[in-house]
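The structure appears right after this line, and notes come after that.
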Amino acid sequence: MTRTRLLSLFLAIRSHFQIPVVQFGQGRILSQNLTDAADNPCSQIPILHGRHYLFLLRYLWYRSKSTMAGGEAKKPNAKLAGGGKKKEVKKETGLGLSNRKEDNFGEWYSEVVVNGEMIEYYDISGCYILRPWAMSIWEVMQKFFDAEIKKLKIKNCYFPLFVSPSVLQKEKDHIEGFAPEVAWVTKSGETDLEVPIAIRPTSETVMYPYYSKWIRGHRDLPLKLNQWCNVVRWEFSNPTPFIRSREFLWQEGHTAFATKEEADAEVLDILELYRRIYEEYLAIPVIKGKKSEMEKFAGGLYTTSVEAFIPNTGRGIQGATSHCLGQNFAKMFEINFENEKGEKAMVWQNSWAYSTRTIGVMVMVHGDDKGLLLPPKVASVQVIVIPVPYKDADTQGIFDACSATVDALCESGIRAESDFRDNYSPGWKYSHWEMKGVPLRIEIGPKDLAYNQVRVVRRDNSTKIDIPRTDLVNQVNEILNKIQQNLFDVAKQKRDACIQVIKTWDEFVEALSQRKMILAPWCDDEEVEKDVKVRTKGEMGAAKTLCSPFDQLELPEGTKCFASGRPATKWTYWGRSY
């Protein structure tokens, strides 16, 4: 089909089905002005690039199908609450996803975070606009974590974004792990800077020169600081919103103690808070464990983490880390103190962090072919109330009932909103709020008004329940709790189904090909781990250790390492990872 005929076909179908502006990849837009180009359609053809033709035909097919089905394209009631004046109805857009989670996970994920209004793409690769729908989730987690660390006497602070090269290079082992990712400021206007300035990839080297200044004696300890900030890590390919971006938000805690025992205890306290964020708020099961020497934080003594797993891709993902830095940084930055015996000693240090990656993990684990699926605890809107007026119905009465419902829920602490937009149909609104992942939908129509009830629809399983308005708050609270628990249970069931215990190399290779999270006996040797990476390197990426879980299975005497054949010392999770 020629471009001219394709464009003519598009204009005809677009006019018939009232299709609005079409947004293509890479920011290209097929403008509304195309309707003015009928006399000279060829003048607009360069807007359509090769890879867009399939997208265009698929979009037209989807719109024609949904319109003919009489679903989302159904026109809303044109009467306003206060009278019969007609209002222009917006041309409704198809809200469905063009990719299924099971078929094309990467494209599905990209669609969901944009259509669900979590992010918008920015004109610098790897940088994204966090829209209010995403920021509100971050704020819920921030509120919880900030309150909990304050109970541990940890105080907030803020250090500058910029780092001098001399400070950055002071801890060689540490910075080597970040060197390729460091972004540098080299100019001021048109003038080259005499000394380039780095933008922090993490803040150990930013903060610790001042710890050595502030800590003099044992009474200055412990020093426990946290900052909420952004960091920049530049040199990598294939950025993914939330999961791998060049700038992201996080918290980073940096603490100093007089003894290793104090530092060890805090490492586990913080790790437990990270587990609670994932399991209690995001409804994502995680495994707490210790990283291998090869995977630990550069320059640290040991690293602990919470590890999640994405069944659809067969990849693990590091959810958050809590590091014991030992005395390595204290030695480098001369963070010394006079102990109670009057002796000079070095502090023991920790650092720990989690980031907006948490949001991406949540989308990957819970999202479905309708869009986002938000756990109630982190959803900024837990309940959306939608009026469903019919012809000759008491529209004002329905609207009043919706308002009263929202008020009752909000007064009880439930985050509820209503959607009174009169230029969209109820069906369109259902799809819109499902795409945004709101946990619970309440519909109120003439029948509900007559029976003093509301229709409740769960986002997680589409169950519909009629509940009396007299018991509204209690039942909605109960349903939200059930949704939160169900999301966790389903995610854990799927994750557990992907865990496979193996004992031999052949079993390991087979499980890896099936995208499993593998628990294997290991000799805890770094050279063996390197060898496993080399031997499994392929199109999907090399396998590596995820963590050695704190909850260890019994290791029978004589058990051999699956990779080396030497005596095994522990059970360790292996797999491909983000």
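With respect to (1) of a type in the set (D, E, K, R); (2) in contact (Cβ under 8 Å) with a residue 40 or more places away in the chain; (3) over 26 Å from Leu161 (Cβ atoms), the lone exception for Glu261 is condition (2). Of all the listed residues (Ser564, Ser548), the sole one being part of a loop (DSSP other than H, G, I, E, B) and either among the hydrophobic types (A, V, I, L, M, F, W, C) or surrounded by 13 or more Cβ atoms within 10 Å (Cβ to Cβ) (or both) is Ser564.
Counting only residues that are of a type in the set (Val, Ile, Thr), buried (at least 22 other Cβ atoms within 10 Å of the Cβ) and closer than 20 Å to Ser292 by Cα, segment 483-509 holds 0 of them. Test Asp496 against the criterion of being under 21 Å from Val361 (Cβ atoms), acidic (Asp, Glu) and modelled with pLDDT of 95 or more, and give yes or no. Yes.
Just give me the residues in segment 242-262 being of a type in the set (S, T, N, Q) and surrounded by 18 or more Cβ atoms within 10 Å (Cβ to Cβ), in sequence order.
Scanning segment 242-262 gives Ser245, Gln251, Thr255.
With respect to being on the phi < 0 side of the Ramachandran plot, crowded, with 20+ Cβ neighbours inside 10 Å, assigned by TED's automatic domain parsing to the domain that holds Trp433 and in contact (Cβ under 8 Å) with a residue 12 or more places away in the chain, Pro376 falls outside the description. Taking segment 422-500 and the helices (runs of 4 or more DSSP H) fully enclosed by it, the elements with 2 or more residues that are of a type in the set (D, E, K, R), in contact with a Pro (Cβ under 9 Å, 6 or more places away or on another chain) and under 30 Å from Lys516 (Cβ atoms) are at 472-497.
Restricting segment 160-174 to residues that are at pLDDT 90 or above and buried (at least 16 other Cβ atoms within 10 Å of the Cβ) leaves a set whose member that is nearest to Trp184 (Cα to Cα) is Val163.
In segment 489-514, the residues that are without any contact (Cβ under 8 Å) to a residue 40 or more places away in the chain reach residues that are polar (S, T, N, Q) with C-beta atoms within less than 6 angstrom, at least six apart or across chains, in these pairs: Ala511/Gln500.
Let's see how each residue does on (1) acidic (Asp, Glu); (2) part of a strand (DSSP E or B); (3) under 19 Å from Glu293 (Cα atoms); (4) in contact with an Asp or Glu (Cβ under 6 Å, 6 or more places away or on another chain):
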| site | (1), (2), (3), (4) |
| --- | --- |
| Ala511 | no, no, no, no |
| Arg515 | no, no, no, no |
| Glu527 | yes, no, yes, no |
| Val534 | no, no, yes, no |
| Leu555 | no, no, no, no |
| Arg576 | no, yes, yes, no |
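Might you let me know whether segment 178-192 holds any residue that is within 27 Å of Ala345 (Cα to Cα) and either touching a strand residue (DSSP E or B) at 6+ places or on another chain (Cβ under 6 Å) or not β-branched (Val, Ile, Thr) (or both)? Looking for residues that are within 27 Å of Ala345 (Cα to Cα) and either touching a strand residue (DSSP E or B) at 6+ places or on another chain (Cβ under 6 Å) or not β-branched (Val, Ile, Thr) (or both), one finds none in segment 178-192, hence no.
Here is a yes/no grid of residues against (1) β-branched (Val, Ile, Thr); (2) buried (at least 18 other Cβ atoms within 10 Å of the Cβ); (3) not in a loop (DSSP other than H, G, I, E, B):
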residue: Val267; (1), (2), (3): yes, yes, yes
residue: Tyr274; (1), (2), (3): no, yes, yes
residue: Tyr278; (1), (2), (3): no, yes, yes
residue: Ala283; (1), (2), (3): no, yes, no
residue: Phe337; (1), (2), (3): no, yes, yes
residue: Lys341; (1), (2), (3): no, no, no
residue: Ala345; (1), (2), (3): no, no, yes
residue: Ala353; (1), (2), (3): no, yes, yes
residue: Ile359; (1), (2), (3): yes, yes, yes
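Going by the conditions given, is Glu120 in contact with a strand residue (DSSP E or B) (Cβ under 7 Å, 6 or more places away or on another chain), at pLDDT 85 or above, of a type outside the set (A, V, I, L, M, F, W, C) and not assigned by TED's automatic domain parsing to the domain that holds Asp394?
In short, yes.
The values are calculated or read from the model by the stated rules, or taken from the named source; none is laboratory data. Bear in mind the structure is a predicted one, so any value in this text is a computation, not a measurement. Positions of Cβ are generated from backbone atoms using ideal geometry, with glycine treated the same way; all protein chains shown enter the neighbour counts.
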